[in-house]
Amino acid sequence: MTSVSTKIQRPQRWDQPFDSKISDEKVASLLRVAPFSEMDPAVFSPTISLAGILKNDCRLHDLKTGDIIVREGDYGSSAYLILAGEALVSLTSLPAAILGRQPNKPKGWARVVSQLWNNSRHAETRDYSQSRSAGVCHEVAARVDDSGTHIFLHDIPRIIRPDESAILKTGEVFGEVSALTRTPRSATVVANTPLQLLEIRWQGFRELLKRNAAMKQHIERLYRENSLRTHLRETELFQQLPPAALQEIADVAVFETLGNFQWNQDFKSTREKDISERILAEPLIVTQGEYVNGLVLIRSGFARFSRQHGEGHQTIAYFGKGQSVGMRELAHNWKTGEQRPWLLSLRAVGYVDVLRIPTAVVERLILPNLTAAQMPAALPTLDSLSQGTGRRQTERATTVEPGLIEFLVEQRFINGTQAMVIDLDRCTRCDDCVRACAATHDNNPRFNRTGEKHDHWLVANACMHCLDPVCMIGCPTGAIGRDRETGNVTINDQTCIGCSTCANSCPYSNIQMVQVNNSRGVPIVDRESGLPIIKATKCDLCVDQMGGPACQRACPHDALERIDLTTTIAMTRWSQQ
């Protein structure tokens, strides 16, 4: 029998609108509201129009006084525009219980030991016979209405004092920095009056910024006013500067975004290309041999430090959030009067947000205020460079073997804060790590002792709890999220709907979709469709276990360790043991 293929329309970005309740009439009314009324529809593309963004990338909320809009520490993917009413920003951190969170409590010794004989004999068993409470305190409660479930505060003035808060009014935008950089929310925002709110998911918000200079300038102004001075003050180079100097630096800093924010979408295909081809395709932040036009601060993302080597480029180091590039060249030129160019190139790996502080400002405000300990080492002499003795043109960020550095960058493992690294020279393949993982997760291992290799190093297929957790993008229920205190990425099994969005987004194939069963091993099925219930699973770093990850504790040869690869310090220590 000849099989007949099924033909379907290729899925498109707007097949599933952010809010199916937004009608054409509502879009028309939004187009009459600032800032949309000030935008020229003609500058938008026909396929991603202004009206299309409002209809498909936005969601309307009608909130009541006390409803929590965003919570400090959460990882959000939306910006918000206040259409009517007021919102209150808490300038102080609120207790976890106030925010509707329940602290993770490790199991006691009795429960840990009982796992050895109480674990299920069947794979992926679940007990949904009883609902689990939210565990929130009496000062908060849940409110359910047509727009969903909201956590709200009973008594805002008592919980958030007026002198510890700020008011956001109609027309103001908030949450945009976290949405665009995948960083935690810096404050909790609560409805201070009945509030009409437009939520704009980051895909649409970036289009608005790209097509409308006025909105981009507005967002940059808000960032300069609300966040940039704090960011600068937390940078070691600027800690000794007076407030007036910090303000001047904030006023002249230039914002730049390079690369693809959705780098995970083409990561698996691009890493199959030749290394030289991949490096040349990465957007340049600074170019070796060109004039040093400022100090570069990395705000989010990762960048590759490389130098010309024959016909191609050699990776020297990688840099991430909070690090800076250019101070060594700037200090040398300022002290000697020379005009030495960039010694190396800096390229965006995936995507990166940077701040560039002009050279003249660095020389006038920053360099004169550096202590002797902060002053960078001198550059090699031109004679040593011409003779080939000045090969180390910049201070290495690491002593890790160059090939290993290249491997970590190319596989994008530099994103992992808790990567499982195995020394294959020490590993005896006893599988004690796998058995320990299974014992702590009801006989269901949460990782595979397979993965990418370099020399005798293996980075196993286990959740790395990434600095840039792209798996969170698009989760419709927020079931996958980051713990506020530990930073661990966890999945709420109760609210996971099995859509596979997180598993498809993970660049490392570290999230698995599994069919869940009852205690007898019989599949749990949907009441209406009869289809099996699917859930996302992954390593949770043994969040409820005493002593941390069981895999690492169980290794009898110290061959396995969870390592923060976002910096090279831990890898240097590990590789030199």
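The values are calculated or read from the model by the stated rules, or taken from the named source; none is laboratory data. The shown structure was predicted, so the numbers you read here are calculated from the model rather than taken from an experiment. Because the Cβ atoms are built from the backbone with ideal geometry, glycine has one as well, and the counts that use them run over all protein chains shown. Surface accessibility is based on the protein's heavy atoms, side chains included, excluding ligands, DNA and RNA. Shrake-Rupley method; radii C 1.70, N 1.55, O 1.52, S 1.80 Å.
Being modelled with pLDDT of 85 or more and within 27 Å of K321 (Cβ to Cβ) is the filter here, so list the residues in the stretch 537-559 that pass it.
If we filter the stretch 537-559 for residues that are modelled with pLDDT of 85 or more, which is where we start, we get 537-542, 549-559.
Scanning the stretch 537-559 gives K538, C539, D540, L541, C542, P549, Q552.
Can you tell me how many residues in the stretch 502-525 are in contact with a Pro (Cβ under 8 Å, 6 or more places away or on another chain) and outside any strand (DSSP E or B)?
The initial filter retains those residues of the stretch 502-525 that are in contact with a Pro (Cβ under 8 Å, 6 or more places away or on another chain), namely 515-517, 523-525.
Still in the running and outside any strand (DSSP E or B): 516, 524.
Residues that pass the stated criteria total 2.
Looking at the stretch 244-255, can you tell me whether even one residue there is within 30 Å of C506 (Cβ to Cβ) and not in a helix (DSSP H, G or I)? Write out each step before concluding.
The first filter runs over the stretch 244-255 and keeps only residues within 30 Å of C506 (Cβ to Cβ), leaving 255.
Of the ones still in play, those that are also not in a helix (DSSP H, G or I) are 255.
Within the stretch 244-255 (the criterion being within 30 Å of C506 (Cβ to Cβ) and not in a helix (DSSP H, G or I)), the answer is yes, since at least one residue qualifies.
Report the residue count in the stretch 194-221 for those that are under 24 Å from the mean Cα position of the chain (by Cα), open to solvent by 20 Å² or more (accessible area, probe 1.4 Å) and under 30 Å from G66 (Cα atoms).
Looking only at that region, the number is 6.
Please enumerate the residues belonging to the stretch 415-473 that are part of a helix (DSSP H, G or I) and of a type in the set (V, I, T). Steps first, please.
Within the stretch 415-473, the subset part of a helix (DSSP H, G or I) is 415, 432-440, 470-472.
Residues satisfying the conditions are V434, T440, V470.
Please find, among V514, V543, the residue that is among the hydrophobic types (A, V, I, L, M, F, W, C), out of contact with any helix residue (DSSP H, G or I) (no Cβ under 7 Å at 6 or more places or on another chain), touching a residue at least 60 places away in the same chain (Cβ under 8 Å) and within 20 Å of R71 (Cβ to Cβ).
V543
When you look at R304, is it part of a strand (DSSP E or B), surrounded by fewer than 21 Cβ atoms within 10 Å (Cβ to Cβ) and in contact (Cβ under 8 Å) with a residue 24 or more places away in the chain, yes or no? It would help to see each step written out before you state the result.
Details: part of a strand (DSSP E or B): yes; surrounded by fewer than 21 Cβ atoms within 10 Å (Cβ to Cβ): no; in contact (Cβ under 8 Å) with a residue 24 or more places away in the chain: yes.
For R304, the condition - part of a strand (DSSP E or B), surrounded by fewer than 21 Cβ atoms within 10 Å (Cβ to Cβ) and in contact (Cβ under 8 Å) with a residue 24 or more places away in the chain - is not met.
Which numbered condition trips up G403, out of (1) crowded, with 17+ Cβ neighbours inside 10 Å; (2) modelled with pLDDT under 90?
(1) is the only condition that G403 fails.
Taking only pairs six or more apart or across chains, which ones have beta-carbon atoms under 7 Å, a first residue in the stretch 49-68 that is farther than 14 Å from S23 by Cα and in contact (Cβ under 8 Å) with a residue 12 or more places away in the chain, and a second residue that is of a type in the set (F, W, Y) and assigned to a strand (DSSP E or B)?
Cβ pairs passing all conditions: K64/F152; G66/F152; D67/F152; I68/F152.
So which residues in the stretch 546-566 are assigned to a loop (DSSP other than H, G, I, E, B), surrounded by fewer than 19 Cβ atoms within 10 Å (Cβ to Cβ) and in contact (Cβ under 8 Å) with a residue 60 or more places away in the chain?
The initial filter retains those residues of the stretch 546-566 that are assigned to a loop (DSSP other than H, G, I, E, B), namely 546-549, 555-559, 564-566.
When the remaining residues are screened for being surrounded by fewer than 19 Cβ atoms within 10 Å (Cβ to Cβ), the result is 546-548, 556-558, 564.
Matches in the stretch 546-566: M546, P556, H557, D558, D564.
Quick one: which residue in A438, A462 is surrounded by fewer than 20 Cβ atoms within 10 Å (Cβ to Cβ) and either under 13 Å from K535 (Cβ atoms) or not charged (D, E, K, R) (or both)? Let's see the steps before the verdict.
Values: A462 fails: surrounded by fewer than 20 Cβ atoms within 10 Å (Cβ to Cβ).
After applying the criteria, what remains is A438.
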